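Peer 1: Below are the structure tokens for one structure; questions will follow.
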Amino acid sequence: MKYALRGSLHEDLVTRIFENRNVNIEQRKAFLNPSRDSIQNPAIYENMDRAFKAVKYHIETNGLILILVDSDADGYCSSATLINYFRLSLKYKNLVFVMHKDKKHGLTKEVLKEILEISPDLVIIPDAGSSDYKEHEILANNGIGVVVLDHHECEKYSDYAIVVNNQLSPEGNKTLSGGGMVLKFIEYMDTQFNIGQSEYYYDLVAVSLVADGMLMIEPETRYYVLEGLDNITNPLLELLAEKRSEGAGVFEFISYNIAPAINAIIRVGTDSDKRNLLDAMICENRTEVIKLRGQGEVELPLVEYILKMADRLKSKQTRDIKKIIEDENTIIMTENLPISIMVHENEDAQALSGLMASRLVDKYGKPSLVLRKVNQDDGRFRYDGSGRSTNTFKNFKDYLLSTDKFIYCAGHQGAFGVSIDTQKMSELLSSLLYQSLPNEDACHIVDKAYVDGRVGSMDIISIDELKQHWCRGFDKPQFYIKLSGVDSADITTMGATGNTIKITHDYISYIKFKCTQEDLDVLLKQGRKDIEIIGTFNVNEWNGRSFPQVFIEDFEVKEVDVMDDIDFNDFNAFGFGFGA
């Protein structure tokens, strides 16, 4: 099993973890508990004052301001932040918003048509739109101003829109999401209008930052997230946060509880479901009727209705993905390729492409593409979908762009949309066959190697005490552990389905969840084994006691004592007298 140690070899394991994540001992306190002093001046972003003056002019003239809601969690959170600030903090009501019908982004043809029909005085686009240069020009030619508050990479500033984008600005926090850039804008409005309202929207911004996978390495970014979830004012987020258990990490809770609920509605909900979600985020106080098993039709407050719908749609999302993967027309190509590619024909699954690509990454450990066959007006067809990178090959988007075979690859490096025509798709497959990705780091990156298998309980406990801080940029550490001479009697199965393996070694439990049949066959084979493990540390609290554990992420069985596989009774039948 190939592994490589991260840079620090400090004897103290906790210090090593911090140093390997570029946090020295002097920075540790400020990193874990960032203060308000970490907030950067919003005026440092290019075009911030121009954007403010454009908005201020239309407020003073009672112009119609239209907000375009982008179709992901960051888009909804950033739009809700802006709408709430206008309505609740500025008391400005001449406001409308437009939502995508599908999971699309920016100024699409359909959205542009709708905006032109409404004919607002100003369009504000949070979390999208930086590179929609032609559409900016069309709006400008129709007398409609455009302000973009975005964080996506693009080539240049628009000539026909006022763009505030942290990726284009020479100064500023590059780890902010669309919601983060909206927050910087309303912080600037706070200073200009001499009010102090922006902090009331930290909760929505916190969700946008974590849900969009932003790096949590900047103190400012961490401050917004930690303050946001500890001081929730939004009624919907307040209800979602009730599920947070004591000691649960802020970052992990948003990632695994709040963001999936929002994303499920955006991905597989109806237009009405999505509108209800946004209404709940912008504090609309009304009720909705829902059918509940055993109760019939029940009238619920909107935020409670959204929670029920989110649970239903998460289940539907799982069923839909299973149906697509098992469809006889779905093709998954991964053998002899450095990436995994799934091609399907489900016209209603566009919004699930990114999630399915992430599932492929989890299953095959390779950068992945999920593509849907799309018929074009000229009778030909192309493939549209999503790409997801891995921790060992982070610049997947740039790599695909470098092949010159894609119509577009747009979004973040690790999560992006793609389009490719049929001929180029064939060329791509031919060029990838039996190849490897350039400079791919195929080995496991670990913080410490226990080559003698002696993992101390205190090491596990000290790492588990940091669990509430794990996030993107301060990732949960992995460790290499070699267990020598593991007896088959110390390997057992657990769980109702029997697909969880537990290895007991030197009073530490090593647990592998969701084992494949191949995993079970290898691990349960009789005989003493040397097992190499890549794992993470965990402490199981049960009945008032603490039990150190290692969760197995990957493993290899290097040696098997074949003599233990021999049934000595077979030899005794021939008079050899073994086992007497």
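The values are calculated or read from the model by the stated rules, or taken from the named source; none is laboratory data. Model, not experiment: these values are computed from the prediction. All Cβ positions, even for glycine, are placed from backbone atoms using ideal geometry, and neighbour counts span all protein chains on display. Keep in mind that these areas ignore ligands, DNA and RNA; they rest on the heavy atoms of the full protein, side chains included. Shrake-Rupley method; radii C 1.70, N 1.55, O 1.52, S 1.80 Å.
Peer 1: Which residues, taken from region 284-324, are among the polar types (S, T, N, Q) and exposed (fewer than 14 other Cβ atoms within 10 Å of the Cβ)?
Peer 2: Asn285, Thr287, Gln295, Ser315, Thr318
Peer 1: Continuing with this model, one more query. Within the set of pairs 6+ apart or on separate chains, which have a first residue in region 527-551 that is among the hydroxyl-bearing types (Ser, Thr, Tyr), a second that is open to solvent by 60 Å² or more (accessible area, probe 1.4 Å) and modelled with pLDDT under 95, and C-beta atoms under 6 Å apart?
Peer 2: Pairs found: Thr536/Lys476.
Peer 1: Something else about it: Taking region 66-90 only, how many residues are buried (at least 24 other Cβ atoms within 10 Å of the Cβ) and more than 30 Å from the chain's Cα centre (by Cα)?
Peer 2: Here the count works out to 0.
Peer 1: Which of the residues spanning region 70-111 are more than 17 Å from Ile262 (Cα to Cα) and not in a helix (DSSP H, G or I)?
Peer 2: Selection gives Leu90, Lys91, Tyr92, Lys93, Asn94, Leu95, Val96, Phe97, Val98, Gly106, Leu107, Thr108.
Peer 1: Turning to a different aspect of this structure: Just to check your reading of the model, which residue among Ile461, Ile481, Ile445 is in contact (Cβ under 8 Å) with a residue 12 or more places away in the chain and either in a helix (DSSP H, G or I) or basic (Lys, Arg) (or both)?
Peer 2: Checking each option against the conditions leaves just Ile461.
Peer 1: Of all strands (runs of 3 or more DSSP E) completely enclosed by region 340-429, which ones contain at least 1 residues that are open to solvent by less than 30 Å² (accessible area, probe 1.4 Å) and closer than 20 Å to Asp212 by Cβ? Show your work before the answer.
Peer 2: Working: elements: 340-344, 368-375, 381-388, 408-411, 415-421.
Of the strands (runs of 3 or more DSSP E) lying wholly inside region 340-429, those with at least 1 residues that are open to solvent by less than 30 Å² (accessible area, probe 1.4 Å) and closer than 20 Å to Asp212 by Cβ span 368-375, 381-388, 408-411, 415-421.
Peer 1: Determine which member of the set Phe555, Phe537, Phe513 is closer than 18 Å to Ser462 by Cα and at pLDDT 90 or above.
Peer 2: Result of the check over Phe555, Phe537, Phe513: Phe537.
Peer 1: Here is a follow-up. Residues to consider are Val250, Val303; find the one that is touching a helix residue (DSSP H, G or I) at 6+ places or on another chain (Cβ under 9 Å) and modelled with pLDDT under 90.
Peer 2: None of the other options fit; the residue is Val250.
Peer 1: Next question. Sort out which residues of region 237-291 are among the acidic types (Asp, Glu) and either in contact with a strand residue (DSSP E or B) (Cβ under 7 Å, 6 or more places away or on another chain) or closer than 16 Å to Asp311 by Cβ (or both), and write them in order of number.
Peer 2: Glu242, Asp273, Glu288
Peer 1: Which pairs have Cβ atoms under 9 Å, sit 6 or more apart or on different chains, and link a residue in region 94-106 that is over 18 Å from Leu139 (Cα atoms) to one that is among the acidic types (Asp, Glu) and surrounded by 18 or more Cβ atoms within 10 Å (Cβ to Cβ)?
Peer 2: Partner pairs satisfying both residue conditions: Lys103/Asp72; Lys104/Asp70.
Peer 1: I've got another one for you. Taking the stated definitions as given, is Asp271 without any contact (Cβ under 8 Å) to a residue 24 or more places away in the chain, open to solvent by 50 Å² or more (accessible area, probe 1.4 Å) and of a type in the set (Asp, Glu)?
Peer 2: Against the criterion (without any contact (Cβ under 8 Å) to a residue 24 or more places away in the chain, open to solvent by 50 Å² or more (accessible area, probe 1.4 Å) and of a type in the set (Asp, Glu)), Asp271 does not qualify.
Peer 1: Moving on. Select from region 325-339 the residues that are among the charged types (D, E, K, R) and in a loop (DSSP other than H, G, I, E, B) and write down the one among them that is surrounded by the fewest Cβ atoms within 10 Å (Cβ to Cβ).
Peer 2: Step by step, filter region 325-339, then rank; the result is Glu328.
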